[in-house]
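What follows is a single structure, written as structure tokens, with notes after it.
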Amino acid sequence: MRFRLSLLSICVSAVSALALEPAQVVVVYNSSVPASREVAEHYRAKRNIPAANLIGIPLPDRESIERLDYERRIAAPLREQLQSRKNQVKALLLIYGMPLRIGDVIPNAEEKAKLKQLQPEWEAARKTVAELEKATPRDPAKITAAQAAVERLTRMRRLYSHAESRASVDSELMLLWWPEYPLTRWVLNPLYFQVAESVRAGKEPVLMTARLDGPSAAIAKRLVDDAVAVEAQGLKGKAYFDARDIRYDSKSNRDYTGYGGYDESFREAAQLLKAGGMDVTLDNKSALFAPGTCPDAAIYAGWYSHGKYIDSCRFVKGAVAWHLASSEATTLRNGESRVWCPNLLKAGVAATLGPVAEPYTVGFPKPAEFFGFLGTGKYTLVECYTKSLLFASWMGVLVGDPLYNPFQKHPIVPERDVVPSPKRR
């Protein structure tokens, strides 16, 4: 999970509220799955979405789709149908029955030939590094040069093999309007709140994405039912944050997006909501909350129980909860899976998020940023997610009503307190 990233190219800038409205949300369902249309129509009625904003696409009823099929059967039809509204549509809502994951790009014949040609050179370069590191006396200059050669060849192998080119359908659709871009790993999300306006200028629009999904169509419908019901009164309940007591080095750029930085962000999220008057429990020990120990949970976030859901919370209606681990949205519809997202949905949460494959730590929102924006009451769920998400064309999925705003009537966090997390000292 650990991944180090320099944020020197990102400048903090004030991003104006996106002001998402129902007319700006396009609902995409699988027209080959009757239950998918039912959920789409249910959402349209609940949120007063224009009928023209429902788009049905005929697709196989499965959670995975190959890359070429994604482009041909999902992206291309959406571009065609939305072209005339390109600058009006701000968010796509994918509905139960739509594919979840996109497979890796398959190298073509020319790329396979280049990979075959590179293989002996790459192996020889690695052997050279190993020999130099064992040599007596060691020659640091030669070792550094040899390591640089391995890194260069590794980058070339990744390029030709399209390493880590898989993604979530949702994250790829964020860049629906973009011309060709690298599919190896990720693309910086221009809507991330720390990205400077100058970086966004001149680029094609970026879409916010979410989905109504889960182990059943009934659960997918409940997500919007709960959101609408809770907005009328405001979200009430307790917050639980499960940190791990990992030290954060505030002077290290490397730790900012590593384990220490994320653990600190869990602690900062707890402080933000507690300062706003919420009843907050912060567990700063390595052990996770035990089953059944978190009653009346309105907010939950923690880590790290990989692929092993722990039934620690008893959730109130409208709860927002997610667990930071590598595989927690590899499926949303398999009710027998032990990964966190489908189990949180079965347990009654209204919104969750997770990755469809290894995202690295930095692929998750920072807890203090995501829950901080949510607590301001100024932003909808999908805006909070998008503003705190560093990457597009990557692994993340947001499950829930994109228009959900649980703190709109009773804000608990002043927006001035939502700053890049963890704080530099």
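The values are calculated or read from the model by the stated rules, or taken from the named source; none is laboratory data. All figures in this text were calculated on a predicted structure; none of them were measured in a lab. Cβ: placed from backbone, ideal geometry, glycine included. Neighbour counts: every protein chain shown.
Only one residue in Phe373, Phe391, Phe407 is touching a strand residue (DSSP E or B) at 6+ places or on another chain (Cβ under 8 Å), of a type outside the set (D, E, K, R), over 27 Å from Ser216 (Cα atoms) and modelled with pLDDT of 95 or more, so which one is that?
Result: Phe391 is the single residue among Phe373, Phe391, Phe407 that is touching a strand residue (DSSP E or B) at 6+ places or on another chain (Cβ under 8 Å), of a type outside the set (D, E, K, R), over 27 Å from Ser216 (Cα atoms) and modelled with pLDDT of 95 or more.
Considering (1) modelled with pLDDT under 95; (2) on the phi > 0 side of the Ramachandran plot, say which one Ser327 fails and leave the rest.
Going through (1) modelled with pLDDT under 95; (2) on the phi > 0 side of the Ramachandran plot one by one, Ser327 breaks only (2).
Right, Ser250: outside the structural domain of Cys384 (by TED's automatic domain parsing), loosely packed, with under 15 Cβ neighbours inside 10 Å and not in a strand (DSSP E or B) or not?
Judged against the criteria, Ser250 is not a match.
Taking Ile310 and the conditions (1) aliphatic (A, V, I, L, M); (2) surrounded by fewer than 24 Cβ atoms within 10 Å (Cβ to Cβ); (3) within 26 Å of Ile95 (Cβ to Cβ); (4) touching a Pro at 6+ places or on another chain (Cβ under 7 Å), which numbered condition does it fall short on, given that it satisfies the others?
In the conditions (1) aliphatic (A, V, I, L, M); (2) surrounded by fewer than 24 Cβ atoms within 10 Å (Cβ to Cβ); (3) within 26 Å of Ile95 (Cβ to Cβ); (4) touching a Pro at 6+ places or on another chain (Cβ under 7 Å), Ile310 misses (3) alone.
I'm told Leu332 meets every condition in (1) surrounded by 24 or more Cβ atoms within 10 Å (Cβ to Cβ); (2) farther than 24 Å from Gly277 by Cβ; (3) free of Cβ contacts under 8 Å to residues at least 60 places away in the same chain except one. Can you identify the failing condition by its number?
(3)
Looking at Ala350, Ala325, Ala357, can you tell me which residue is under 30 Å from Asp249 (Cβ atoms) and in contact with a Gly (Cβ under 8 Å, 6 or more places away or on another chain)?
Ala325 is the lone residue from the list that is under 30 Å from Asp249 (Cβ atoms) and in contact with a Gly (Cβ under 8 Å, 6 or more places away or on another chain).
Taking the condition of being in contact with a Pro (Cβ under 8 Å, 6 or more places away or on another chain), over 27 Å from Ser64 (Cβ atoms) and not in a helix (DSSP H, G or I), how many residues in segment 350-387 meet it?
4
One residue is enough: does segment 153-169 have a residue meeting the conditions modelled with pLDDT of 90 or more and in contact with a helix residue (DSSP H, G or I) (Cβ under 7 Å, 6 or more places away or on another chain)?
Yes, there is a match, as at least one residue in segment 153-169 is modelled with pLDDT of 90 or more and in contact with a helix residue (DSSP H, G or I) (Cβ under 7 Å, 6 or more places away or on another chain).
Does Asp296 count as assigned to a loop (DSSP other than H, G, I, E, B) and of a type in the set (D, E, K, R)?
no
Return the residue satisfying two criteria in turn: it lies in segment 254-293 and is in contact (Cβ under 8 Å) with a residue 40 or more places away in the chain and among the β-branched types (Val, Ile, Thr), and of such residues it is nearest to Asp242 (Cα to Cα).
Thr281
All but one of (1) under 25 Å from Glu369 (Cβ atoms); (2) free of Cβ contacts under 8 Å to residues at least 12 places away in the same chain; (3) of a type outside the set (S, T, N, Q) hold for Ala301; state the number of the condition that does not hold.
(2)
Give the number of residues within segment 19-32 that are assigned to a loop (DSSP other than H, G, I, E, B) and either of a type in the set (Phe, Trp, Tyr) or under 15 Å from Arg73 (Cα atoms) (or both).
Summing the residues that are assigned to a loop (DSSP other than H, G, I, E, B) and either of a type in the set (Phe, Trp, Tyr) or under 15 Å from Arg73 (Cα atoms) (or both) in segment 19-32 gives 2.
From the list Arg2, Arg47, which one is modelled with pLDDT under 50, among the basic types (Lys, Arg) and touching a helix residue (DSSP H, G or I) at 6+ places or on another chain (Cβ under 8 Å)?
Arg2
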